[in-house]
1. In this structure, is A:V48 outside any helix (DSSP H, G or I), of a type in the set (A, V, I, L, M) and either at the interface with chain B (Cβ under 7 Å from one of its Cβ atoms) or open to solvent by less than 10 Å² (accessible area, probe 1.4 Å) (or both)?
2. Would you mention how many residues in the range B:39-78 are in contact (Cβ under 8 Å) with a residue 60 or more places away in the chain, more than 7 Å from chain A (Cβ to nearest Cβ) and outside any helix (DSSP H, G or I)?
3. Would you confirm, using the coordinates I've provided, whether B:T174 is modelled with pLDDT of 80 or more, among the β-branched types (V, I, T) and open to solvent by less than 50 Å² (accessible area, probe 1.4 Å)?
4. Can you spot a residue in the range A:96-108 that is away from chain B (no Cβ under 14 Å), over 30 Å from B:D27 (Cα atoms), without any contact (Cβ under 8 Å) to a residue 60 or more places away in the chain and surrounded by 15 or more Cβ atoms within 10 Å (Cβ to Cβ)?
5. Of everything in the range A:12-43, what is touching a Lys or Arg at 6+ places or on another chain (Cβ under 9 Å) and either open to solvent by 80 Å² or more (accessible area, probe 1.4 Å) or part of a loop (DSSP other than H, G, I, E, B) (or both)? Give them in sequence order.
6. For A:R9, indicate whether it is open to solvent by 50 Å² or more (accessible area, probe 1.4 Å) and within 14 Å of another protein chain (Cβ to nearest Cβ).
7. Among the numbered conditions (1) part of a helix (DSSP H, G or I); (2) at pLDDT below 85; (3) of a type outside the set (D, E); (4) surrounded by 18 or more Cβ atoms within 10 Å (Cβ to Cβ), tell me where B:G136 comes up short.
8. If you scan the range B:195-204, which residues turn out to be in a helix (DSSP H, G or I) and farther than 19 Å from B:W100 by Cβ?
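The values are calculated or read from the model by the stated rules, or taken from the named source; none is laboratory data. Keep in mind the model is a prediction, meaning the values are calculated, not measured. Using ideal geometry, Cβ is built from the backbone for each residue, glycine included, and neighbour counts are taken over all protein chains shown. Heads up: the accessible areas ignore ligands, DNA and RNA and are worked out on the full protein's heavy atoms, side chains in. Shrake-Rupley method; radii C 1.70, N 1.55, O 1.52, S 1.80 Å.
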Amino acid sequence: MAPDDRSDRRTQLLRGALDTCLLALLARTPTHAYDLVVQLERHGLPGVSYGTVYPLMARLRRQGLVGERIEPSDSGPPRKVFDLTLEGRSALSAWSAQWAETTTTITQLLATAGALPEPEVTTRVDA
Amino acid sequence: MSTPEHHDRAHAAPGGRARSAEEVVADVDRRLRRYAGRADRRAITEDLLGDLRAAQAAGCDPATLIGPDVDEFARRTVEEGGCAKVAGDTRRVTALGALWSLPAVVLGYLVTPYAVSPVLEAAGSAGIDVPLVRAGVAWAGLGAVCALSVLAVMVVLLRGRAAARPTLQVAAFTVPFAAAVAVAVNTTVLAVGPITHGSIAVQVAGVVVPLVGALALARSWGLRRAGASSGALLPA
């Protein structure tokens, strides 16, 4: 598979899960939009730009899942810091469970079909 | 998803220097004009300017943050934020829908006699040859063909547009209702008196006004439903 194809495929896979990732990061530490991009990169998602995260934050705010407040910054003008609302915490819990259930099902399917090693084998090799 | 490395020459200011947060936001604001009203545009740009100034102070290039496709950034921000130009879109879709539908309605007038005559012949051979039934079947057939033609036009017109599905769902009720009103107006005008320029104008208005109303109602209601359920006015 060409690198571009791999990147497109990864983008498609991420599209449905990125909002959950953002909620999870904000649940741990309220922060601003650019820092979310940096944190995503640190967690192994380097291809996600601010230009992707900012519109997504607009949706999460509109849905009432994320709140905002202005905080002073040491390095420049005050910044808008996002945090999770109660609805956001509830959504994070539901979306995380849904993600885990979906990925488990797909992993099992792929393993059963022989496209992935059996989970037990992977565990033994890791150990 | 664009990557931070995608910063290209189009995002550099003349002379090759990095653009300031203000310049980048001015560019975003220009693109936003296509998608959002003034109040929403101001809210987005004020918010964005604060963010980009802070990022710039922290050593980040504002243009790189937005990415190479500023138009896509503006469009997605508006759509995800649920502040697309709803009123403008309703007017546009209604006008286009009405314009495209008129040939469909004329086609309905031309096609219906061929579609209805077998039904009438069957009714006649079954001994049901009452003139009232004949007229009723003809008008109902005409209304049905025109309504289906308009809905087919809307399916094509709404392809790829925001809230297409909810709009069609509402149109499935409003367009047949408009067809019924048009049939009622036309049969009344024909029953009341002789055909004059005035009566023809009333007949035409009896088709166009309910049609425009049905399309406008379907679009605005469909957009509102899409906004209420998902908030985002993305193609649905």
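1. Criteria met by A:V48.
2. 2
3. Taking the combined requirement at face value, the residue satisfies it.
4. No, the range A:96-108 contains no residue that is away from chain B (no Cβ under 14 Å), over 30 Å from B:D27 (Cα atoms), without any contact (Cβ under 8 Å) to a residue 60 or more places away in the chain and surrounded by 15 or more Cβ atoms within 10 Å (Cβ to Cβ).
5. A:P30, A:H32
6. Against the criterion (open to solvent by 50 Å² or more (accessible area, probe 1.4 Å) and within 14 Å of another protein chain (Cβ to nearest Cβ)), A:R9 qualifies.
7. So the condition that B:G136 fails would be (4).
8. Restricting attention to the range B:195-204, the residues satisfying the condition of being in a helix (DSSP H, G or I) are B:197-204.
Matches in the range B:195-204: B:H197, B:G198, B:S199, B:I200, B:A201, B:V202, B:Q203.
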